[in-house]
Structure formats: C-alpha cells, structure tokens
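Quick note: the coordinates plus some simple rules give every number you see, no bench work behind them. Treat the numbers as computed from the prediction; the structure is a model and nothing was measured. So basically every Cβ, Gly included, is an ideal-geometry build from the backbone, and we count neighbours across all protein chains shown.
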Amino acid sequence: MPPLRAENLKGYIKKAVDGRMSDVEKQPTHACKVLAELLLAAPADAHIFDVLALTFKTCDRSGLPPGVAGVPGRALILHAYEECKADRPPTTEVPEAGSEEERKELKKKAMEEWRDVSALLKEGIELLLRRVDSAGASEAQAQPGLAA
C-alpha cells in the first residue's frame, strides 16, 4: 500500500483531473481546475498535503467521504479521494471484540475526527484560494492594464 505522501496525493489529483472531472470542471476558470493546478504546482512539503493525507486516512477509517460541502473545488477532492480508495485497501476500523457501548464510542470518536479534519481541509483550501485571489488582485493593481 503506497503511503499518502505529496507525490501520491498529486498522482490521485492528476488521475481525478484526467479521468473523473467533467468537461465543465476542466474549464480554466472552474474552481476544480484552479484548485487542481494549485495543488499540482505546490511544493511537496506544503502543509495542505498533510491535511489532505490526514483527511483521506480519517475518511477511510470512518467510512465516509471527505466532508467538503460548500468548498470551492469540492468535486476535485471527492474525485481524488475515490482514486485514493481505488488504489488502497480499506482500513475501516470496526472492532469485532468489545461491547456495543465500546463500538458506539469508537464510532462517535471516528465521526468527531472526520468532522474536525473535514473542517480543517475546508479551511486549508479556502486559505489557498484566498491567497491566489489576493495575489491576483495585487498583480492587477500593479499593472493597471490588467485590471480592465
């Protein structure tokens, strides 16, 4: 099973772009395409890959897809997660031993972790896109001909 390092995550993103994204999502100004380009161009040590890896691992354990409703480019993240799942054996932690109460508590903890890392991923993506927006606005202000 390949580890969830930046190069593996970039591979899943690339596969998602090439094989799962619709023609509309591949348009240059669509949030999925913009996010894909940002992630593919990001350095391997960018923190967003740590958050993405943690999210995918947590989703695998909880049995839920990334909770990215309302996130720009959410379809890309969901497609990349599907590529990741297809490449890795499932690791959903379902304890066979223990009481019903212990299993419920483990499930509750898994759901809380899923919610927390999904929120963290959402914040990371929004921060990344805000930085690009403000960099673009700064560039347009520096070059008045581009602002039109």
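Each Lys or Arg adds one and each Asp or Glu takes one away; over the other residues whose Cβ falls under 9 Å from the Cβ of PHE56, this sums to +2. Cross-link partners of LYS14 among aspartates and glutamates, defined as those whose alpha carbon lies under 14 angstrom from its own and excluding same-chain residues fewer than eight positions apart: GLU25, GLU37, GLU82, GLU83, ASP87.
The overall shape of region 1-119 is prolate: from the C-alpha gyration tensor, with semi-axes ordered a ≥ b ≥ c, the ratio a/c is 1.5 or greater and a/b exceeds b/c.
Classify region 1-62 as rounded, prolate or oblate from the Cα gyration tensor: take a ≥ b ≥ c as the square roots of its eigenvalues, call it rounded if a/c is under 1.5, otherwise prolate when a/b beats b/c and oblate if not.
Because a/c hits 1.5 or more and a/b exceeds b/c, region 1-62 counts as prolate.
For region 12-23, putting each phi into the Karplus relation 6.51 cos²θ - 1.76 cosθ + 1.60 with θ = phi - 60° gives couplings of 5, 5, 4, 4, 5, 5, 6, x, 10, 6, 6, 4 Hz, in residue order, rounded to whole numbers and with x for Gly and Pro. Computed from phi, the 3J(HN,Hα) profile of region 114-123 under the Karplus parametrisation 6.51, -1.76, 1.60 (θ = phi - 60°) reads 4, 4, 5, 6, 5, 5, 5, 4, 4, 5 Hz, with x in place of Gly and Pro. Quick check for you: which residues of region 65-81 have the amide N under 19 Å from the point 7 Å beyond the Cα of ASP133 toward its beta carbon? Once the point is set 7 Å along Cα→Cβ of ASP133, 68-77 turn out to lie under 19 Å by backbone N, inside region 65-81. The lysines within cross-link reach of LYS109, meaning a Cα-to-Cα straight distance under 27 Å and a gap of 8 or more places when in the same chain, are LYS57, LYS85, LYS122.
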